[in-house]
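The next block holds one structure in the form of structure tokens; read it before the comments.
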Amino acid sequence: MRQVMVAGNWKMNGSSDSVKELISGIKDGMASVTKAAVVVCPPAVYIACVSGAADGSAIKVGGQNICDEDGGAFTGEISADMLKDTGCEYAIVGHSERRALYGETDALVAKRFAAARRNGIIPIFCIGETLEERESGVTNDVCARQIDAVIDLEGVAALADSVIAYEPVWAIGTGKVATPEQAQEVHAFIRGKIAALDAGVAEGLQILYGGSMNPGNAKELIGQPDIDGGLIGGASLKAEDFLAICQAAE
Ligand code: 13P
């Protein structure tokens, strides 16, 4: 049985005060979360503060990105060692906002994925199609291409210690959630694609859904056979909503 995971991507939101309030609210509610693995990904400058506050709880912390290089003259980047040093066990890799707004290519995303793995950080590897791609019927091709970039560089076995997040771009921050059937269909495609290379890796792989998941739709989405949890944006910024999604996995 795969463990359900609920991860919060706080994106570029918060302040010193608000992140403390948010993490303490989540921590206070963790007694009611017994099944889901819970991860929060704060903005980089607040990671240390959030890790400290989460200490002593089951909450894990992740970065929102990770440099493909291990150190040196890479202005503005954050290395795997820095993430680990400040308490991270996870890093989001290849989020569609990074791909669309900051020019991250499949090849660069694969290198960031590799940097995470070689340094003992678990990548939460994001893939997903735009609305235009969905409407032209190439959803599976896009997901396959994004996954292949990682498999070509690292091999399919690398996915065994990783998490995939399927995030249809048209569902992110739009309130337009994929139906459970739409999401399940792509999740099953992803698992099937990986199973064709390694059935064991595919069976154990956690595949999260992301895109307008909220307390009202989480249970049905997470109830699908190939959906192993969620990567939550907007609804992860309120402790009550985030906890309600974690509880949907109970
Ligand atoms: P929303 O939950 O705000 O749609 O964002 C999803 C997301 O991008 C998580 O990485």
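Restricting G200, G173 to residues that are open to solvent by 20 Å² or more (accessible area, probe 1.4 Å) and either within 15 Å of C126 (Cα to Cα) or within 15 Å of the ligand (Cβ to nearest atom) (or both) narrows the list to G173. Restricting attention to the stretch 126-143 and to residues that are touching a helix residue (DSSP H, G or I) at 6+ places or on another chain (Cβ under 7 Å) and part of a helix (DSSP H, G or I), the residue that is surrounded by the most Cβ atoms within 10 Å (Cβ to Cβ) turns out to be C143. Taken together, A171, A114, A157, A188 contain a single residue that is closer than 18 Å to A91 by Cα and either free of Cβ contacts under 8 Å to residues at least 60 places away in the same chain or of a type in the set (V, I, T) (or both), which is A114. Given the criteria open to solvent by 50 Å² or more (accessible area, probe 1.4 Å), over 30 Å from D28 (Cα atoms) and part of a helix (DSSP H, G or I), does A73 qualify? Criteria not met by A73.
Condition (residue is of a type in the set (D, E, K, R), surrounded by 14 or more Cβ atoms within 10 Å (Cβ to Cβ), in a helix (DSSP H, G or I) and over 14 Å from the mean Cα position of the chain (by Cα)) applied to the stretch 85-101: is it met by at least one residue?
Yes: one or more hits.
Cβ-Cβ contacts under 6 Å between residues 6 or more apart (or on different chains), taken from a first residue in the stretch 197-217 that is within 21 Å of Y90 (Cα to Cα) to a second residue that is away from the ligand (no atom under 16 Å from the Cβ) and basic (K, R), are listed as A202/R191; Q206/R2. Put simply, of A36, A48 the only residue that is open to solvent by 20 Å² or more (accessible area, probe 1.4 Å), among the aliphatic types (A, V, I, L, M) and more than 15 Å from the ligand (Cβ to nearest atom) is A48.
The residues of the stretch 203-224 that are surrounded by fewer than 20 Cβ atoms within 10 Å (Cβ to Cβ) and in a helix (DSSP H, G or I), listed by number, are E203, G204, K219, E220.
Looking only at the stretch 203-233, residues that are away from the ligand (no atom under 16 Å from the Cβ) and either hydroxyl-bearing (S, T, Y) or in contact with a Ser or Thr (Cβ under 9 Å, 6 or more places away or on another chain) (or both) come to 1 in all.
Would the stretch 115-123 turn up any residue that is within 16 Å of the ligand (Cβ to nearest atom), surrounded by fewer than 24 Cβ atoms within 10 Å (Cβ to Cβ) and assigned to a strand (DSSP E or B)? Within the stretch 115-123, one or more residues are within 16 Å of the ligand (Cβ to nearest atom), surrounded by fewer than 24 Cβ atoms within 10 Å (Cβ to Cβ) and assigned to a strand (DSSP E or B). Is it true that M12 is over 23 Å from V201 (Cβ atoms), loosely packed, with under 12 Cβ neighbours inside 10 Å and among the aliphatic types (A, V, I, L, M)? Yes; evaluated as a whole, the condition is true for this residue. Check whether at least one residue in the stretch 106-123 is more than 26 Å from L205 (Cα to Cα) and modelled with pLDDT of 95 or more, and report yes or no. Within the stretch 106-123 (the criterion being more than 26 Å from L205 (Cα to Cα) and modelled with pLDDT of 95 or more), the answer is no, since none of the residues qualifies. Within the stretch 181-193, at least one residue is of a type in the set (S, T, N, Q), in a helix (DSSP H, G or I) and either at pLDDT below 95 or away from the ligand (no atom under 13 Å from the Cβ) (or both).
The values are calculated or read from the model by the stated rules, or taken from the named source; none is laboratory data. Quick caveat: nothing in here was measured; it's all calculated off a predicted structure. Cβ atoms come from the backbone with ideal geometry, glycine included; neighbour counts cover every protein chain shown. What goes into the accessible areas is simple: the full protein's heavy atoms, side chains included, and nothing from ligands, DNA or RNA. Shrake-Rupley method; radii C 1.70, N 1.55, O 1.52, S 1.80 Å.
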